[in-house]
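Notes follow the structure.
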Amino acid sequence: MRQDNPLVYSTESGRIAQPQEKAERPKGDGIVRIQRQTNGRKGKGVCLISGVDLDDEALAKLAAELKKKCGCGGAVKEGVIEIQGDKRDLLKSLLEAKGMKVKLAGG
């Protein structure tokens, strides 16, 4: 069997699961960036927090803490924390209190 054409289905065992390669997140420059975005969200704004140098579990804990303090919803997607609403100033003060270097990015 060739490597560029792996087996995906067998009549004996059915569909064969392909191993998923976990993408490595790029290392940040030590600056946490908070950006407001409305694209593809039907006009609803969210704050995107990127550049946080934490593993997935610690990132999820930080996101939960930020959501609780902001009183809103959010999610963690591909190493970026999304917080609903325009809460950039509050998020900046919360992250700076944790000792992170924060910049407001974009408009």
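The values are calculated or read from the model by the stated rules, or taken from the named source; none is laboratory data. A quick note: this is a predicted structure, and the numbers were derived from the prediction, not measured. Heads up, the Cβs are rebuilt from the backbone with ideal geometry, glycines too, and the neighbour counts pull from every protein chain shown.
Among the residues of segment 66-75, which ones are touching a residue at least 12 places away in the same chain (Cβ under 8 Å) and surrounded by fewer than 17 Cβ atoms within 10 Å (Cβ to Cβ)? Working first, answer last.
Start the filter on segment 66-75 by keeping residues that are touching a residue at least 12 places away in the same chain (Cβ under 8 Å), which leaves 66-67, 69-70, 72, 74-75.
Hits for segment 66-75 are 69, 72, 75.
Could you please find all residues in segment 33-71 being assigned to a loop (DSSP other than H, G, I, E, B) and within 23 Å of residue 99 (Cα to Cα)?
At the first step, the residues of segment 33-71 found to be assigned to a loop (DSSP other than H, G, I, E, B) are 38-45, 51-55, 71.
The answer is 51, 52, 53, 54, 55, 71.
Look through 17, 23 and report the one residue that is loosely packed, with under 10 Cβ neighbours inside 10 Å, out of contact with any Ser or Thr (no Cβ under 7 Å at 6 or more places or on another chain) and modelled with pLDDT under 65. If you could, list the steps in order and put the result at the bottom.
Values: 17 fails: modelled with pLDDT under 65.
Going through 17, 23 in turn, the sole match is 23.
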